[in-house]
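The values are calculated or read from the model by the stated rules, or taken from the named source; none is laboratory data. Here the structure is a predicted model, which means the values were calculated and not measured. Neighbour counts run over all protein chains shown; Cβ positions are idealised from the backbone, glycine included. Each accessible area value is taken on the protein alone, full model and side chains, heavy atoms only, with ligands, DNA and RNA left out. Shrake-Rupley method; radii C 1.70, N 1.55, O 1.52, S 1.80 Å.
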Amino acid sequence: MANRRSFIIHSFIGALAAGLGCRYGYATHVLAPGMSLPALPAELPVIISTWNHGLAANEAAWQSLLHGGKALDAAEQGVMVSEADPEVNSVGYGGLPDASGKVTLDACIMDSKGNAGSVACLENILHPVSVARKVMENTPHVMLTGAGALQFALDQGFEQTDLLTDAARKAWENWKASGARYAPQANWENHDTIGLLVLDTEASLAGACTTSGMAFKHPGRVGDSPVIGAGLFVDNAVGAATATGEGEVVLKTLGSFLVVELMRQGHSPAKACEEAVRRLATATSVHKQMQVGYIALSKTGETGAFALRPGFQCAVRSAKGSVLLDVPSLFQD
Ligand code: GLY
């Protein structure tokens, strides 16, 4: 069975090469005896994202690929679902505001060629990830912040939207009424930053990451998510990684870059994520309410994840279907 399976390759690329006209499906190919398996992974594409809201994001990313999108398109389209969802109170529309009541957004995107764009502290734009993509594609810069990022977005044709929902406003008012002390909370309602990684049918990697940051954060605070190497890193020769949770410690350890470098040294995605969490736990001061999670995707389509504490989940989409996984953690409570 195992031998037979090793001769059967499910590949969208193969379907195209074989001219089967199987635009959206997977075709089965049987290699002639003696032919070696190609270097490509057995099943492409693969998508992995953070938290349970990643399930819907993965599906949008998957649809993007099915309709001819590349990894970069899929990564953008995927996280846009969370950005537009008012129920996701840590990303985009419906995101919880800063201590002054303003919703400020951080996002970034990176492609297979090492191009990257990001925005930080951006207000009133529904899809910061798309602005980040425009920064990447239409400017010589990587990151735009605050008023400059907003002006750039408007210049690029984005429209302003009030992102503060009634629910988010009420949460902020309750927080103020309770004494307005800022305190990070681990696993906030099983939502946090969405980071999404894609390996497309051409074996190209891309990723995107977007968040409203910590609830009731100090005005002007920027977390890891828009910082290339911290919240997201893609190296098309090796793999990609993205982070969620308390951004300060991810910033201090350049977590996503570290995960990819550990993969370059030979670690599996899961082991690389674990090592990066262990590094963070020894190199920074972790506290009881701190959660951090990493997810990673290798060039060959292997996925992995690891967290500081229980409660982190990741969503994986492949030809096998869609799955939400409980991620192992360093601490058990
Ligand atoms: N990881 C998201 C943030 O800290 O803002």
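Of the strands (runs of 3 or more DSSP E) contained entirely in the stretch 51-145, not one carries at least 3 residues that are at pLDDT below 95 and in contact with a strand residue (DSSP E or B) (Cβ under 9 Å, 6 or more places away or on another chain). Could you say whether any residue in the stretch 86-98 is in contact with a Cys (Cβ under 7 Å, 6 or more places away or on another chain) and open to solvent by less than 10 Å² (accessible area, probe 1.4 Å)? No, the stretch 86-98 contains no residue that is in contact with a Cys (Cβ under 7 Å, 6 or more places away or on another chain) and open to solvent by less than 10 Å² (accessible area, probe 1.4 Å).
Every residue in the stretch 293-314 that is touching a Phe, Trp or Tyr at 6+ places or on another chain (Cβ under 8 Å) and under 13 Å from L325 (Cβ atoms), please. Working first, answer last.
First pass over the stretch 293-314, keeping only residues touching a Phe, Trp or Tyr at 6+ places or on another chain (Cβ under 8 Å): 293-294, 305-310, 312-314.
Across the stretch 293-314, the qualifying residues are G293, A305, F306, A307, P310, F312, Q313, C314.
Does V316 count as part of a helix (DSSP H, G or I) and touching a residue at least 24 places away in the same chain (Cβ under 8 Å)? The answer is no for V316.
Among the residues of the stretch 190-249, the one identified as among the aromatic types (F, W, Y) and modelled with pLDDT of 95 or more is F233.
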